[in-house]
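The values are calculated or read from the model by the stated rules, or taken from the named source; none is laboratory data. Since the model is a prediction, treat every value here as computed from it, not as a measurement. Please note: Cβ atoms are built from the backbone with ideal geometry, for glycine as well, and neighbour counts cover all protein chains shown.
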Amino acid sequence: MKNILMISYFAPTLNLPSAIRVGKFAKYLPEFGWSPIILSVKDIGFYLKDDELYKEVKNLNIHRTESLDYFRLMKLLQIGKSKNLSENIHRSKEKITNFIKSLFPIDDKIGWMPFCYSKAKKIIKKNHIQIIFVSIGGVHHQAITAYFLAKKFDIPLILEFRDLWADHPFIERSYFGKLINNYWEKKVIDYATRIISLAPKQREFLKKKYNIYDNKIEYISNGYDEDYFNRKFPQKKEKGTLILTFCGGFYKNLTPSDLFNSLLRIKENRLKIIIRFIGNFRNQFFQLKKQYESKSFLDNISIEVIPRISYIQLLEKLHLSDVLMLFLPKDNKYDLILHAKLFDYMAIRKPIIAFCPKNSDVENIVNEGNLGFIVEAGNVDMGTKKIEEIIRLFKQNKLKEICGSDKFISQFTQRKATEKLVKVLNSVVKK
């Protein structure tokens, strides 16, 4: 077996796309002759924990270190079974969260850097590490740590972009912040042996910005884990009720406002509709929901909010839905985002309605796979027409026919994503 060191601040047991991505790679890598060693932070004051996901990697080699970032400090300050401090800050103190983030030009988790570097050196010296893999998106400093480690020990570095770094569409930076992040992003990209991107347009953006040659940067999408879908799901009981579900989070200008505005224009409709949101949402979302409810005159459309649940429970809720929802803001800079949840959605085999920018990666993949309905972000008239079409198809019992082909969907499994990663690893590892 060949050893790979995977550095990620977020790792199982957290129910986050970044943690799941690393965990799934670690789950399947041994099938292809690679032994993963994961380096992450100790338990943090964060509420997105899912012990079911940890069972998959509990026998793997996972090292956790201390950190001086505020998430870890919130965990240390938490007393007994008191309310999770970071959850409270996340939900109702967004200004505090944004202020804390603004204090750090790279990212607010950079307090992990010295602990990560120190522990990684020990792991590399003790084990025959043949590749260092680091996945970035939101947390960027770990790419700098990996750069110093790869350079010091002369080990190939694989750099994965879950999201953009210096040009992250949801992160606002000062002039100085832009300079320092562009500097480090270029430095790490230039040094990296290979680069992985999770979206086609993201790959093209990075290629153009840094003049990266084709063979250096690879597109490996997110995926769904077949093991979680080869089971019997509960059957929907509300036969005459149309259920539309979203799971995840909203922040800044990423909101369901397009949906709410479209619903307000629907003419009289007697069909009972449930709009379901699953996740831990900030005050901004609840204010938006309240505004919609104060304007709506249709009593048959109701909104349900379910706090974040385990991954297994989430899949059951998605399976009990008729349509699954995605949202992106109206701006071309969001073209290159491919939600991780999109791949679970397609595996559920239910129609997707995506409110997204025109010609975005989301639009392209939904259209290519015949996965559902596209609404151009900000186009309320189009949103209303698509929802009315969904209502009509539901009444005709034809909605379930829109779910994509098995051939298209089966190419996006976690095992196949890992197989693509292994091809990259085997192409650069020193013999």
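In this entry, residue 353 is excluded by the filter for residues that are assigned to a strand (DSSP E or B), within 15 Å of residue 258 (Cβ to Cβ), touching a Cys at 6+ places or on another chain (Cβ under 8 Å) and of a type in the set (A, V, I, L, M, F, W, C). For segment 390-410, indicate whether the set of residues that are of a type in the set (Gly, Ala, Ser) and within 18 Å of residue 259 (Cβ to Cβ) is non-empty. No - not one qualifying residue is present in segment 390-410. Inside segment 360-378, residues that are in contact with an Asp or Glu (Cβ under 8 Å, 6 or more places away or on another chain) and either within 17 Å of residue 198 (Cα to Cα) or in contact (Cβ under 8 Å) with a residue 60 or more places away in the chain (or both) make up a count of 5.
Every condition in (1) modelled with pLDDT of 95 or more; (2) of a type outside the set (Gly, Ala, Ser); (3) assigned to a helix (DSSP H, G or I) is met by residue 312 except one, and the failing one is (1). Residue 169 fulfils the conditions (1) under 17 Å from the mean Cα position of the chain (by Cα); (2) in a strand (DSSP E or B) except for a single criterion, (2).
Each row is one residue, and each column tells you yes or no for (1) in contact (Cβ under 8 Å) with a residue 24 or more places away in the chain; (2) surrounded by fewer than 19 Cβ atoms within 10 Å (Cβ to Cβ).
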position: 265; (1), (2): yes, yes
position: 277; (1), (2): yes, no
position: 290; (1), (2): no, yes
position: 293; (1), (2): no, yes
position: 297; (1), (2): no, yes
position: 310; (1), (2): yes, yes
position: 321; (1), (2): yes, no
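Residue-by-condition table, conditions (1) within 21 Å of residue 202 (Cα to Cα); (2) within 17 Å of the chain's Cα centre (by Cα); (3) modelled with pLDDT of 95 or more:
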site: 305; (1), (2), (3): no, no, yes
site: 335; (1), (2), (3): yes, yes, no
site: 339; (1), (2), (3): yes, yes, no
site: 342; (1), (2), (3): yes, yes, yes
site: 368; (1), (2), (3): yes, no, yes
site: 377; (1), (2), (3): yes, no, yes
site: 400; (1), (2), (3): no, no, no
site: 413; (1), (2), (3): yes, yes, yes
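Sort through 317, 350, 341 and tell me the only one that's closer than 25 Å to residue 197 by Cα and in contact (Cβ under 8 Å) with a residue 12 or more places away in the chain. Criteria check complete, one pass: 341. Would a scan of segment 47-54 turn up a residue that is in the same structural domain as residue 422 (by TED's automatic domain parsing), at pLDDT below 95, closer than 16 Å to residue 137 by Cβ and touching a Leu at 6+ places or on another chain (Cβ under 7 Å)? Looking for residues that are in the same structural domain as residue 422 (by TED's automatic domain parsing), at pLDDT below 95, closer than 16 Å to residue 137 by Cβ and touching a Leu at 6+ places or on another chain (Cβ under 7 Å), one finds at least one in segment 47-54, hence yes. Just need a number here: residues in segment 135-150 that are of a type in the set (S, T, N, Q) and either closer than 12 Å to residue 110 by Cβ or touching a Gly at 6+ places or on another chain (Cβ under 7 Å) (or both). The qualifying residues number 2.
A residue that is among the polar types (S, T, N, Q), surrounded by 15 or more Cβ atoms within 10 Å (Cβ to Cβ) and either without any contact (Cβ under 8 Å) to a residue 40 or more places away in the chain or under 30 Å from residue 168 (Cβ atoms) (or both) can be found somewhere in segment 239-246.
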